[in-house]
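Read the figures in this text as sums done on the coordinates, not as results from a lab. Since this is a predicted model, take the numbers as computed values, not measurements. FYI the Cβ positions are ideal-geometry reconstructions off the backbone, even for glycines, and counts take in every protein chain you see.
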Amino acid sequence: MRSRKISFYAVLVVAAAGCTDEVRVTGRACPCVADQFCCPVSNTCAADEAACDRLPTIAPSSLTFTRLSATSGEFSWDPVGGATSYALYLNGIETARTALTTATLEIGTGEVDVRVAALNDVGPSPKSGSFPVLFDVSVRACASDAVEARWKTAASTDTQLSVERAGENTIACVDPTLRQDHLYGDVAGCTQIGVPSGTAGVLDPASPLTVNLMSRDELGFLGKYQTTFTMPGQSCLCASSSKRTLGGCNRTPIMGPMGFPDVPACGRAFDLEAGKLVDNTNQGDMYLEATEDADGWLSEVRLVAPRGVAVLNNTAMCDVVQAPASGYDQNVVIHAAASGRDRPPQAERTTTFVVKTRNDRYAKVSLECNCPTSATEAGFGDLGMRFGWRVTAAGSMVFND
């Protein structure tokens, strides 16, 4: 029998006067040209029926995707008998070949379709299913003790997440419901709804974490991503009456019943870029000022930012990706107590302030607690706010959590 050996990519074009011969390629998808045979198992073309027996007959399986960065990922699979190499297809176009069972590709941040086929000198196997690529991944702080994780998959997969903390138990979460949009609204609580504090673990302010995101489809193909994350710091601003001495702003942390700081140290002003309290309001990016009535009770407390502050109501800090271009004032009311012990106008954990710093950077500031508070039935002697914060890079309005 006459032997025919044609490369997987070889294309022979013979140009004659006014005509072009047919393209003959082994390994192409059926239907085939007249003198080739369509292999029924792989649905690809071969020189003859006997050559079909030498084709890799099964697609690679046990697909695993590991996102390495915002734009790249590693793809791995089990070896296929009879294969000498493997081809990877990105959105239907062959992008890479390798003799290994793993490859790293640049895939961008959005949705992509990546498949793999086994190859030998006869041709390719059928293509695999799509790798469970995790895309549009974000891990953002909603407060100094709460983190939200989001990602997407093109096909429906389950939702798995774990948080590793040095010297503490791992927080692990699994939602078996197959879906394409994945969300843990509060990593500590392992819930789909954000809550003020977790029920399955505590995330400490300023603490480092290792966050693992995972999804598995019905075939068991696994997509995963691991990233390090540092929680925002936590601090407190306070304003005190000039006449009432009910304890004043606490200068040192108040310890809770379990020995953890319940309220951080408070001060008059805060330097957002340095991340520290300052006594001089001229050295702070934001501070509190109060209005007193004739008896010295505080009737109103305002957050002051000399360069400007914008209020984002009904918006958690994790939902603020970019600083607004407008809507900045020099001060906003934090707490009004004109009629005694009224509740504050801004809701805790769903009000976020965006503050312009003295060096023209932007900070998003979470309102975590309207505290500390010293009060009697007559009024307030001091009022404050506990908060976490994130600052943009110089020259940027985007928050990269």
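Estimated from the Cβ-Cβ distance and a Förster radius of 35 angstrom, the FRET efficiency linking Ala347 and Ser207 is about 0.85. In this calculation the C-beta distance from Ser85 to Cys38 is compared with R0 = 22 Å, giving a FRET efficiency of 0.45. Length available on full extension from Glu273 to Glu94: 0.36 nm per residue minus the Cα-Cα distance, which gives 59.7 nm. Note on Ser138 and Ala394: the model spin-label points, each 7 Å out from Cα along the C-beta direction, lie 2.7 nm apart. If you take all other residues with their beta carbon under 13 Å from the beta carbon of Ser62, and give Lys and Arg +1 and Asp and Glu -1, the sum is -1. Judged by the mean number of other Cβ atoms found within 10 Å, the most tightly packed of the peptides 58-68, 316-326, 383-393 leads the ranking 383-393, 58-68, 316-326.
Bridgeable lysines around Lys276 (alpha carbons under 24 Å apart, same-chain partners fewer than 8 residues away excluded): Lys356, Lys364.
Peptides 29-37, 70-78 ordered by packing proxy, namely the average of other Cβ atoms within 10 Å per residue, highest first: 70-78, 29-37.
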